[in-house]
């Protein structure tokens, strides 16, 4: 439909779209006929936007004559176009039933040509849905409308670090290094959470780190970077056009020669992002993609000191270690980056200024609701992310280990837990209610006096009546046996009491040693179960005994002496019979049951092993979110990807969570 030339035609188009109520349109149309205002279509559109009836995107589409498709299915109402390009389009939408703002990221058209791409996209999206962390953009749903496939994500009211730093570059200003340390530390904490669930991002860059209005960083496209990458700035394997390795400006040296990488490649890319924030340019800004790849492997970027002189030396030392060419020389986990930057990340910084944030229309502002107070400094990262039960450190397995921190003014290191190492909690203050000689005070009665003895009861006349006890005539004490008296004398003898204490200590020591031996035997048996020794206490063994039919062929089960591979290591042993151990992130499939690792490797169970729905449900309950060990031939099918077929449950054992 052509663009409406007059205000009445524009308002009629708005009426057809159903975006604005009839009463408001009649009022605006009556004003136009009576006073001639608004005079042109642009003024009418601006008035509707100002009054919170249309968004910028809706107004632009209506002025072009497009009044349809402002909803996706029956669930989502399109509000704004957040971004568009080679990675597809991202829309800000309102869930019509939940009244919640979400971001819809549409899968690029070129990804729809291959059904295996869609299958992998859905499989990996299910794994990403398990991520729940304040520094990761949450994935809510994967949906389809007509030929449109899209990911429903958390909406982040803010800009990417790419856009934020670009404004400083345009104004010829430098980004604050302390703020940069804050944001990189937050991103590292989010990456650590994903790393502990077995995920590698593979495309960490400023455009995938979002900064919201409160100063919180959120990592975008965790686990799904391969599906939403721009063709012009990505590197792709020649023999597999489905495997995007990353963005050339921030690519780790080992990532250019192999698609099997670990989280240390993400650490390098995060270092490249820190370099961009400090200097306003990428580590190697000049040359073709091939030249940049060579530079990442052979050259050092221009020193930050040559660009600016106000960056603390400690931050520069962290940057150099993050961008080390050899993976062994880098930080081995993202949490180590956060710990190294704790000196700067522990201090509160103000929220981002408004000029760094997007300009929202009144309608979107009303849907978001009132923002938090932005007048003062934001709390420290420890207070904001690591309250009890929050963040990557709130776990009991000690995954990040213990580190050593140095308190201000102290010359000695002291061990502490990881939760307090990177972002230490505030120093414990004195008790709110001081100790009293009469004993502890209940906090619910802190304002009252401590409980004491009751005062004497007074009687009329002011005299205090003392309660007297009747005098009793006690019988004479019985005569003590001389032998009993001798025994009592022995117990009061100091030398004898010493020997009694020595004997008691010896008895306690013997009991302790016996208890330790029992605990050792019990622990040894538990470890044998964890190593996959099948026993009546191993649930996987019981499933195999109850469900596996008598094998027609000789099946080699995993054993304690096998070489155990991880999924990335299994990719190098295609065609070989090996033993692979991984954590099951999800169990999917109807006829074939797939145990998915979240690292492009899965185990496919033969339907003949599970003839009934009850059998399949039982296997789902037994293996979901458990660590398993499987032995068989590693396969890499062009359609299915890296996997292993299981034709007998003897091949699969459960080794614990």
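Applying the set (1) at pLDDT 90 or above; (2) under 30 Å from residue 5 (Cα atoms) to residue 70 leaves exactly one unmet item: (1). Note on region 125-155: residues that are touching a helix residue (DSSP H, G or I) at 6+ places or on another chain (Cβ under 8 Å) and surrounded by 15 or more Cβ atoms within 10 Å (Cβ to Cβ) total 9. Given the structure, is residue 162 surrounded by fewer than 23 Cβ atoms within 10 Å (Cβ to Cβ) and either closer than 30 Å to residue 257 by Cβ or in the same structural domain as residue 342 (by TED's automatic domain parsing) (or both)? Considered against the rule, which asks whether it is surrounded by fewer than 23 Cβ atoms within 10 Å (Cβ to Cβ) and either closer than 30 Å to residue 257 by Cβ or in the same structural domain as residue 342 (by TED's automatic domain parsing) (or both), residue 162 comes out as yes.
Say whether the condition of being surrounded by fewer than 20 Cβ atoms within 10 Å (Cβ to Cβ), modelled with pLDDT under 85, part of a loop (DSSP other than H, G, I, E, B) and over 35 Å from the mean Cα position of the chain (by Cα) is met by at least one residue in region 39-60. Yes, region 39-60 has at least one match. Among the residues of this structure, residue 64 does not count as one that is buried (at least 20 other Cβ atoms within 10 Å of the Cβ) and either in the same structural domain as residue 350 (by TED's automatic domain parsing) or at pLDDT 85 or above (or both).
Within region 61-74, the residues that satisfy the criterion of being farther than 24 Å from residue 141 by Cβ and outside any loop (DSSP other than H, G, I, E, B) are 61, 62, 63.
Scanning region 173-194 for residues that are in a helix (DSSP H, G or I), over 15 Å from residue 137 (Cα atoms) and out of contact with any strand residue (DSSP E or B) (no Cβ under 9 Å at 6 or more places or on another chain) yields 177, 178, 179, 180, 181. As a summary of the residue check, residue 636 satisfies the conditions (1) part of a strand (DSSP E or B); (2) within 25 Å of the chain's Cα centre (by Cα); (3) more than 15 Å from residue 557 (Cβ to Cβ) except for the one numbered (2). So which residues in region 320-340 are under 19 Å from the mean Cα position of the chain (by Cα) and in a helix (DSSP H, G or I)? If the condition is that a residue be under 19 Å from the mean Cα position of the chain (by Cα) and in a helix (DSSP H, G or I), then 334, 335, 336, 337, 338, 339 are the ones that fit.
Looking across region 557-584 at every residue that is at pLDDT below 85 and touching a strand residue (DSSP E or B) at 6+ places or on another chain (Cβ under 6 Å), the one that is surrounded by the most Cβ atoms within 10 Å (Cβ to Cβ) is identified as 558. Test residue 295 against the stated conditions and say whether it is in the same structural domain as residue 192 (by TED's automatic domain parsing), free of Cβ contacts under 8 Å to residues at least 40 places away in the same chain and in a helix (DSSP H, G or I). The answer is yes for residue 295. Residue 267 falls short on exactly one of the conditions (1) closer than 24 Å to residue 169 by Cα; (2) at pLDDT 95 or above, and that condition is (1). For region 302-312, give me the residue count where each residue is closer than 15 Å to residue 271 by Cα and out of contact with any helix residue (DSSP H, G or I) (no Cβ under 6 Å at 6 or more places or on another chain). Going through region 302-312 one residue at a time, the tally reaches 2. For region 644-652, the criterion of being touching a residue at least 40 places away in the same chain (Cβ under 8 Å), within 18 Å of residue 116 (Cα to Cα), in contact with a strand residue (DSSP E or B) (Cβ under 6 Å, 6 or more places away or on another chain) and crowded, with 19+ Cβ neighbours inside 10 Å is met by at least one residue.
Count of region 271-292 residues, restricted to those that are in a helix (DSSP H, G or I) and either without any contact (Cβ under 8 Å) to a residue 12 or more places away in the chain or out of contact with any helix residue (DSSP H, G or I) (no Cβ under 7 Å at 6 or more places or on another chain) (or both), is 2.
Filtering region 585-603 to residues that are surrounded by 18 or more Cβ atoms within 10 Å (Cβ to Cβ) and closer than 16 Å to residue 649 by Cα leaves 587, 593, 595, 602, 603. Give me the pairs: first residue in region 583-604 and more than 14 Å from residue 130 (Cα to Cα), second residue surrounded by fewer than 17 Cβ atoms within 10 Å (Cβ to Cβ) and at pLDDT below 80, beta-carbon distance under 6 Å, and six or more apart or on different chains, which are they? The qualifying pairs are 604/592.
The values are calculated or read from the model by the stated rules, or taken from the named source; none is laboratory data. Fair warning: this is a prediction, and the values are worked out from it, not measured in the lab. Virtual Cβ from ideal backbone geometry, glycine too; neighbours counted across all protein chains shown.
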